[in-house]
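One structure below.
No value in this document is a laboratory result; all are computed from the given coordinates. Predicted, not measured: the structure shown is a model, and the values here were computed from it. Ideal geometry is used to build each Cβ from the backbone, glycine not excepted, and the neighbour counts take in all protein chains shown.
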Amino acid sequence: DSGVTQTPKHLITATGQRVTLRCSPRSGDLSVYWYQQSLDQGLQFLIQYYNGEERAKGNILERFSAQQFPDLHSELNLSSLELGDSALYFCASSVGARNEQFFGPGTRLTVL
Amino acid sequence: GDSVTQMEGPVTLSEEAFLTINCTYTATGYPSLFWYVQYPGEGLQLLLKATKADDKGSNKGFEATYRKETTSFHLEKGSVQVSDSAVYFCALSDLGMNRDDKIIFGKGTRLHILP
């Protein structure tokens, strides 16, 4: 158990819908990262937050957004969902830069 | 940009065989290198890491040495077990001139160990 929790574990929805994925980092970790794992693209970095502020952006679509709240939990919002958004979404946390990232168990999103 | 290339799988070995999974990287700065493992139905776990040239990371019988001259970080284990069956990801994190510390992953190598 890494100490990072993600909810829900599974999510099934339809095209065009909007969903919110939630991540609680390990106690004391200020950085939260979101990654997408799909069969064709592999594991890709989406976005990073540090202590409530966006710090880095990767291959995140404009239909996707994220935020980190004062209690340091983070949410990833996916809207206007397409079939190709079906993937495993991982959250990771770390104390700060250059520190080990601890990964949550992931949320499996299926878009029908 | 930075990238990681690792050998494609699946790799199938018999128990107690020697394992090598090749990994090479491209980076502009001074990356830290990692191997992560993903067991079926689970998230990623850090297996080992190395933060500078010639460092050797080791854990659970797995080893990898940071070779700057060949830009490689090959994963090895002398005697694999059925329980080692998983997907292995080589990865790097390169602060370089930027401040972000995202991890860049290879595509993963599925390892299947036969009893």
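Odds and ends about this structure:
- P(r) tail for chain B: Cα pairs beyond 20 Å make up 36% of the total.
- For residue B:11, nonlocal amide neighbours, meaning residues 5 or more places apart or on other chains whose placed amide H falls under 5 Å from its own, are B:110, B:111, B:112.
- Over chain A: Kirkwood hydrodynamic radius from C-alpha pairwise inverse distances, Å: 13.8 Å
- Note on the protein assembly as shown: Rg/Rh from Cα positions, Kirkwood definition for Rh, rounded to two decimals, is 0.97.
- About its Cα centre, the range B:20-115 has a charge dipole of approximately 60 debye under the convention of +1 per Lys or Arg Cβ and -1 per Asp or Glu Cβ, with nothing else charged.
- Contact order normalised by residue count of chain A, Cα under 8 Å, 6+ apart, percent: 37 percent
- Its Cα centre serving as origin, chain A has a Cβ charge dipole (Lys and Arg +1, Asp and Glu -1) of approximately 80 debye.
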